[in-house]
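Reviewing the structure listed below.
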Amino acid sequence: MIIAEQKGIEELIGILEGHKDILVVGCRSCVAICLAGGEKEVGVLSEALRLHSDMRSKGWNISEVTLERACEKEWAYELDQLVEGKDCVISLACGVGAQVIQELFPDVRVVPGLNTSNMGAPEEQGVYNEKCGGCGDCVLHLTGGICPIARCAKSLLNGPCGGSQEGKCEIDPEVPCAWDQIYHSLEKLGRLELMDVPIPPKDWGPSRSGGPRKMVRSEAILTDEQNRMKGGKR
Amino acid sequence: MRSGSNLEKVLEDGRFAVTAEIGPPRSADPEPIRKHARDMKGSADAFNLTDNQTAIVRLSSIASGVVCLQEGIEPVIQMTCRDRNRIAMQSDVLGASALGIRNVLCISGDHQVFGNQKEAKNVYDVDPVQQLMMFRKMRDEAQVWGGDKLEEAPKLFLGAAANPFADPFEYRVRRLSKKINAGADFVQTQAIYDMDRFERWMAQARELGLHEKAHIIAGVMPLRSHKAAMYMKNKVSGMIVPDAVVDRLRTAADPKAEGVKLCVEQIEHLMSIEGVHGVHIMAVAWEEIVPRIVRDAGLLPRPSVREAIVHPYHS
């Protein structure tokens, strides 16, 4: 899932300068799970903004809504009526959702209420760890199910650097060394010999380094006829 | 001869090599490098120029290496994977070779959180094993990575770093093996204070025959006070400094003299270990002590090998 956290209220208030009719939009998917932009957070932020507006006589008119999935046009289009007359949308969806909303409603300024961070997983309630670097060429089968691209501070592919001590990364004693984890995972799997296999320079073409990525699955694309039958809005 | 460097000749001659480290200044003024070069000339076979060590912006290692050549000492330029992608690395190694630099140490580099550019984006396009693969291909096959032909191959003596004090300990020698298989001709280790652990590491290296595949140069770092020892122990990543070392400096009447004595003893010990082909002295911010340490360790004069450095800057 996508891990994100809310921007500080002061920063957000600064961004809102000059706006009046504001719609706060959340998302029930990833950002709800990481407690950053679900229905509850939308409610809390909206209330905080109303209070601020009252105290500082901003005259803001704040309304709120939480989408099922802001990154899919079918769902995001539900904002159709709600954005009417608004001059600003605060997106508490991830950076993807915010862009989809802006694309659908080009006349309304969409501002990010979240800082979108990474692809990760909850470790426990309130704790989220990055797991995947989205490099487009997965090596987890070679690394004991632990991603060195996302989880090694140097994205090394051939084992731990000299800064790995007692299972910790040199950058912070709180950060586990991914290669130490990989080593012990491969040990449990009986595949330690994989630690000796040299991995040549990686092709970063499928990663973000190759430019923005577009995936086309031709068999899934609907024909004009199918689109008409589906009767969808977009 | 792969590169014809002085260091390569000393090692291939079976002589016990000495290398020393020069930290380039945080300045555009090359004079501190010239001064270190003059102070240390003749006390080591080659001199490492660190590459923005601890991620602090300094005069570049290649430029510093050229200053060393101008002063008539042989450089080992360090090159981190932190700051360059494979295009810059290959280009810089061609440039370094063109300028007369022969020895290149391939390292991952301290993470930028340690330095004065904490907000930097790091690169890590390749890791040190891959860097070695790339440079060896350039030298031996006259090809850049991907196969395009080089009209003239760079002349390189390739080095790798090894840290016997990092974890998992049981993997460290196999990691070194990977680096040697990828192209390392010589290896410089992290500074050694825990001799027992280093001996165990060397025993593992000999078991794999690594001491015959590459020249292992053991790292030492003279300490001038117990405070310096505490700093190394607590602040520098990947170091082990036993309490006995700290105590010895703390209780010494003359800590500096004791630091030199300790370093000399370490070198003598290291010379007795099978497979150790040299010593690398990292006298961080204490470069002027190197000649004395080398002399006290009985390693002077340095072997005079055939005129090794032929380059346009030699005066």
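Sequentially through the stretch B:71-78, phi angles give Karplus couplings (6.51, -1.76, 1.60; θ = phi - 60°) of 8, x, 10, 8, x, 10, 8, 8 Hz, Gly and Pro residues having no value and appearing as x. 3J(HN,Hα) couplings calculated from phi for the stretch B:178-194 with the Karplus curve 6.51 cos²θ - 1.76 cosθ + 1.60 (θ = phi - 60°) are, in sequence order, 4, 5, 5, 4, 7, x, 5, 8, 9, 9, 10, 9, 4, 4, 9, 10, 8 Hz; Gly and Pro show x.
Looking at the stretch B:89-154, the GluC sites (Glu not before Pro) that sit in a DSSP loop and have at most 11 other Cβ atoms within 10 Å of their own Cβ are B:E119, B:E151, B:E152. Remind me, relative contact order of chain B in percent, using alpha carbon pairs under 8 angstrom and six or more residues apart? Contact order relative to length: 21 percent.
For the stretch A:6-81, the calculated P(r), taken from all Cα-Cα distances in 10 Å bins from zero up to the bin holding the longest distance, is 19, 48, 29, 4 percent.
Annotation: amide H of B:V76 within the under-5 Å range of B:F47, B:N48, B:L49, sequence separation 5 or more or interchain, hydrogens built in the peptide plane. If you bin all the Cα-Cα distances of the protein assembly as shown at 10 Å, starting from zero, the percentages per bin are 3, 16, 23, 20, 14, 11, 8, 4, 1, 0.
The mean number of Cβ atoms from other chains found within 10 Å of a Cβ in peptide B:102-110 is 2, as a whole number. Sort chain A into rounded, prolate or oblate with this rule: let a ≥ b ≥ c be the square roots of the eigenvalues of the Cα gyration tensor; rounded if a/c is under 1.5, and if a/c is not under 1.5, prolate when a/b is larger than b/c, oblate otherwise. Cα axes put chain A in the oblate bin.
For the stretch B:6-296, what percent of Cα pairs sit more than 33 Å apart? Considering the stretch B:6-296, 18 percent of its Cα-Cα pairs are separated by more than 33 Å. Rounded to whole numbers, the Karplus 3J(HN,Hα) couplings from phi for the stretch A:149-160 are 5, 8, 9, 8, 4, 10, 6, 6, 10, 10, x, x Hz, using 6.51 cos²θ - 1.76 cosθ + 1.60 with θ = phi - 60°, and x at Gly and Pro. What's the longest uninterrupted piece of chain B once you rule out the trypsin sites (Lys or Arg not before Pro) that are loop residues per DSSP with at most 14 other Cβ within 10 Å? The longest such stretch corresponds to B:122-305. For chain A, adding -39500 (n - 2.57) for each run of n ≥ 4 DSSP H residues and dividing by the number of residues yields -7500 deg cm²/dmol at 222 nm. Counts of other chain beta carbons within 10 angstrom of each beta carbon in peptide A:174-184 average 2.
Close amide H partners of A:V175, meaning residues 5 or more places away or on another chain with modelled amide H under 5 Å apart, are A:C169. Each 5 Å bin, from zero up to the one with the longest distance, holds this percent of the alpha carbon pairs of the stretch B:2-88: 3, 15, 24, 22, 17, 12, 6, 1. The ranking of A:D224, A:D54, B:D194 from fewest to most other beta carbons within 10 Å of each one's beta carbon is A:D224, A:D54, B:D194.
Relative to the dominant Cα principal axis of chain B, helix B:61-70 is inclined by about 90°. Only lysine pairs 8 or more places apart, or on different chains, with alpha-carbon atoms under 28 angstrom apart are counted in the stretch A:134-234, and they number 10. Neighbour counts of other Cβ atoms within 10 Å put B:I56, B:I240 in the fewest-to-most order B:I56, B:I240. For chain B, the longest principal axis of the C-alpha atoms and the axis of helix B:226-235 are separated by about 50°. In this structure the amide hydrogen of B:Q143, modeled in the peptide plane, comes within under 5 Å of the amide hydrogens of B:M138, B:L150, none closer than 5 places in sequence on its chain. Taking GluC sites (Glu not before Pro) that fall in a DSSP loop and have at most 10 other Cβ atoms within 10 Å as cut points, what is the longest piece of chain A between them? By the stated rule (loop sites, at most 10 other Cβ atoms within 10 Å), A:18-165.
Considering helices alone, the calculated mean residue ellipticity of chain B at 222 nm is -12000 deg cm²/dmol, with DSSP H runs of length four and up weighted by -39500 (n - 2.57) and normalised per residue. The mean number of partner chain beta-carbon atoms within 10 angstrom of a residue's beta-carbon across peptide B:166-179 is 6. Name the lysines eligible as straight-distance cross-link partners of B:K256: C-alpha to C-alpha under 16 Å, and not fewer than 8 places from it in the same chain. By straight Cα distance, B:K256 reaches B:K227.
No lab work stands behind these numbers, since they all come straight from the coordinates. Computed from a predicted model, the values in this text were never measured in an experiment. Methodologically, a virtual Cβ is constructed for each residue, glycine included, from the backbone with ideal geometry; neighbour enumeration extends over all protein chains shown.
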